[in-house]
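Chemist: Got a structure here, written out as structure tokens. Questions coming.
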Amino acid sequence: MPQNHAERYLKIIENARRNEQNLNINNASWEHAQMLFKNLLEVAAEKKEEVRLVSGHLNPDFYDKLTNEMRAVLDSGVPVELVVLDNSDKFKKGDLLSLVSSHPKGKVITAPAGYDLSSHPHFLLVGDRRYRLETDHASTKAVANFGHPEMGKFLHDIYDNLLIKISDFSAKITAA
């Protein structure tokens with residue numbers, strides 16, 4: 001029986017996940033992004049690997065569909081950190097955002113007003129080798145991988161540097 005495109009795409013994801021394969025999986029739709037996020041979060045809960053997410057905002061239309069997977073991650077004792085770069089009121093609500101901000105293992109960091117949002121990649125990093133990295137936010141293009149430790153380290157370093165920059169920027173605002 002022929003499979004539709006979504007079923008074929010999901011099989012590629014599941015195979016890469018199961019084998020922790022160093023395979024770049026391209027994504028250019030919300031449906032694909034949802035499949036990748038769900039699988040990455042499921043791996044985080046199963047393997048008890050930290051989750052780091054950097055996003056411009058947490059659009060409830062997308063992220064609230066991942067609330068069950070995120071709850072499983074948090075309830076398994078895994079730390080989750082979300083960095084939200086856009087601090088406007090437009091996206092300060094949502095089930096996933098509420099869950100993470102209220103859970104003892106969750107942490108939400110919001111960039112302060114005036115912080116330059118344009119220079120940071122958006123990504124989801126699970127552990128030290130699994131990720132989804134946006135390559136073009138406007139067209140929902142991204143690449144994901146379930147077994148690339150070098151890229152995992154690179155994204156981890158970007159994440160750490162982002163936290164330092166946000167902290168330094170906040171300190172300057174407070175001092176002024």
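Chemist: Can you name the residue in the range 15-30 that is of a type in the set (G, A, S) and in a loop (DSSP other than H, G, I, E, B) and, of all such residues, is modelled with the highest pLDDT? I'd like the intermediate steps shown before the answer.
Modeler: As a first pass, look at the range 15-30 and keep what is of a type in the set (G, A, S): 16, 28-29.
Filter once more, keeping what is in a loop (DSSP other than H, G, I, E, B): 28-29.
Details: A28: 86, S29: 91.
Checked the range 15-30; the qualifying residue modelled with the highest pLDDT is S29.
Chemist: If you scan the range 136-175, which residues turn out to be among the charged types (D, E, K, R) and over 21 Å from S118 (Cα atoms)?
Modeler: Scanning the range 136-175 gives E150, K153.
Chemist: Which residue is surrounded by the most Cβ atoms within 10 Å (Cβ to Cβ), if the candidates are limited to the range 37-62 and must be out of contact with any Phe, Trp or Tyr (no Cβ under 9 Å at 6 or more places or on another chain) and assigned to a helix (DSSP H, G or I)?
Modeler: To start, the set of residues in the range 37-62 that are out of contact with any Phe, Trp or Tyr (no Cβ under 9 Å at 6 or more places or on another chain) comprises 38, 41-42, 44-51.
Now narrow it down to the ones that are assigned to a helix (DSSP H, G or I): 38, 41-42, 44-47.
Working: K38: 17, L41: 23, E42: 15, A44: 26, A45: 20, E46: 13, K47: 13.
Step by step, filter the range 37-62, then rank; the result is A44.
Chemist: Sticking with this one: Go through S88, S119 for me and flag whichever is modelled with pLDDT under 90, over 29 Å from N24 (Cβ atoms) and of a type outside the set (K, R).
Modeler: S88
Chemist: For the range 75-96, give me the residue count where each residue is over 14 Å from the mean Cα position of the chain (by Cα), farther than 19 Å from K165 by Cβ and of a type outside the set (S, T, N, Q).
Modeler: Number satisfying all stated conditions: 10.
Chemist: Out of the range 100-148, which residues are farther than 24 Å from P60 by Cβ and surrounded by 14 or more Cβ atoms within 10 Å (Cβ to Cβ)?
Modeler: G127, D128, R129, R130, V143, N145, F146, G147, H148, listed by residue number.
Chemist: Which of the residues that make up the range 123-149 are without any contact (Cβ under 8 Å) to a residue 24 or more places away in the chain, farther than 28 Å from A72 by Cβ and part of a helix (DSSP H, G or I)?
Modeler: Correct list: A138 only.
Chemist: Go through the range 70-81 and give me each residue that's under 29 Å from P112 (Cβ atoms) and not in a strand (DSSP E or B).
Modeler: The answer is M70, R71, V73, L74, V78, P79.
Chemist: In this structure, is K48 at pLDDT 95 or above, charged (D, E, K, R) and more than 28 Å from I164 (Cα to Cα)?
Modeler: Working: at pLDDT 95 or above: yes; charged (D, E, K, R): yes; more than 28 Å from I164 (Cα to Cα): no.
No, not satisfied.
The values are calculated or read from the model by the stated rules, or taken from the named source; none is laboratory data. In this text the structure is predicted, and so the values were computed from the model without any measurement. Methodologically, a virtual Cβ is constructed for each residue, glycine included, from the backbone with ideal geometry; neighbour enumeration extends over all protein chains shown.
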